[in-house]
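Coordinate-derived values only; no laboratory data. Everything numeric in this text was worked out from a predicted model, so none of it was measured. Glycine also receives a Cβ, built like all others from the backbone with ideal geometry; neighbour counts cover every protein chain displayed.
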Amino acid sequence: MDVSGYLLGSTGSDTKNISVVKLPFLVKILYYKNNQLVTKNRDKKSNLVETSVTIRASSYNEKNENNSCSAENLFNEWLSGLIDGDGSLLINKSGYISCEITMSLHDEYALRYIQNKLGGSIKLRSGAKALRYRLHKKESVINLINRINGKIRHSTRLKQLNLLCTKLHMQFILPDKLHNNHGWFSGFFDADGTITMSCKGKSSNFQLTISVTNKLLVDVIHFKEIFKGNIYFDKAQNGYYKWSIQSKEDINYFYSYIKKCPCYSIKRKRLFLINEYYYLKTIKADKANINSAKYKAWKIFLDKWNSKDDEIVL
């Protein structure tokens, strides 16, 4: 059975420059236990500092975890995950700074959400069914860095953030500790995640799968640590690591997380159809007589599952 129509999501990621798992640039971070220059008399409203020693590692603490469920902090965490997967923090040859996020044309809702919060522009990429969000004003980029600094953790994006902080004389903060209420997972899933329904075997059993892919193991291992599942290496597309879950228990646990830390891409539509999928499977609607009401309910579900209309489920 051809199940290509049941697939949604992208397994691609902006990882062309990744070549090593370790982060050699981190050895350049300066940390002094008794360094008062970077902490004393610092304006709490700004991370700008008056010293050449501007990069300091910051560790996770309980206060961060207690504040992690606030709406604004969840947005910052989600945005960090999205930038880790689909974004870039750039400095061009002329020294101008910017942040760019490229997503599918169907994900305009997510980019408008960011634009309403931070400003910036959204343009249709020429010759591609994709949108590019761009933030380039210095004060806007500084605001962005204050939001995501300490939450970015992708190998390539960490290096980019480090360079931006150095350029702007801001402290570079190492990523915080992930936990099951951290919004980073939903943002990274919006970027590099996939939810699929495949039909396998002679009995035509449907199987639900939630997965996340990336070029480096270090950039997907977080999902296994929190949401269980498995990780394997796929040699296709020059090789990438894929984390996935298939059991009902694991998928329901991930779904309970999404209800607390929502996605904003088109993928949220299928995530919100998970309960309906399991209900229809329980009553065997997918195997019912084609003239029965159960099977008609299954067909209606499939239409919603395959639709690219993001207004069906918000």
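The table that follows gives values for the structure above.
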{"item": "Vicinal HN-Hα couplings computed from phi for the range 246-259 (Karplus, 6.51 cos²θ - 1.76 cosθ + 1.60; Hz; Gly/Pro x)", "result": "9, 5, 4, 4, 5, 5, 5, 5, 5, 5, 5, 5, 4, 5"}
{"item": "Order of GLU72, GLU100 - criterion: other Cβ atoms within 10 Å of each residue's Cβ, fewest first", "result": "GLU72, GLU100"}
{"item": "Qualifying trypsin sites (Lys or Arg not before Pro) in the range 246-314, DSSP loop, other Cβ atoms within 10 Å at most 11", "result": "LYS284, LYS308"}
{"item": "Likely footprinting exposure, ASP86, ASP192, fewest C-beta neighbours within 10 Å first", "result": "ASP86, ASP192"}
{"item": "Ranking of SER244, SER198, SER204 by count of other Cβ atoms within 10 Å, fewest first", "result": "SER204, SER198, SER244"}
{"item": "From phi via Karplus (6.51, -1.76, 1.60), per-residue ³J(HN,Hα) for the range 156-170 in Hz, x at Gly/Pro", "result": "6, 5, 4, 5, 4, 5, 4, 5, 5, 4, 5, 4, 9, 6, 10"}
{"item": "The range 211-223 - phi-based ³J(HN,Hα) in whole Hz, Karplus 6.51/-1.76/1.60, Gly and Pro as x", "result": "9, 9, 10, 6, 5, 10, 4, 4, 8, 10, 4, 4, 5"}
{"item": "Efficiency of FRET from Cβ geometry, ASN73 and LYS138, R₀ 41 Å, rounded to 0.05", "result": "0.95"}
{"item": "Additional length obtainable on full extension of the chain from THR282 to ASN180, 0.36 nm per residue less Cα span", "result": "33.9 nm"}
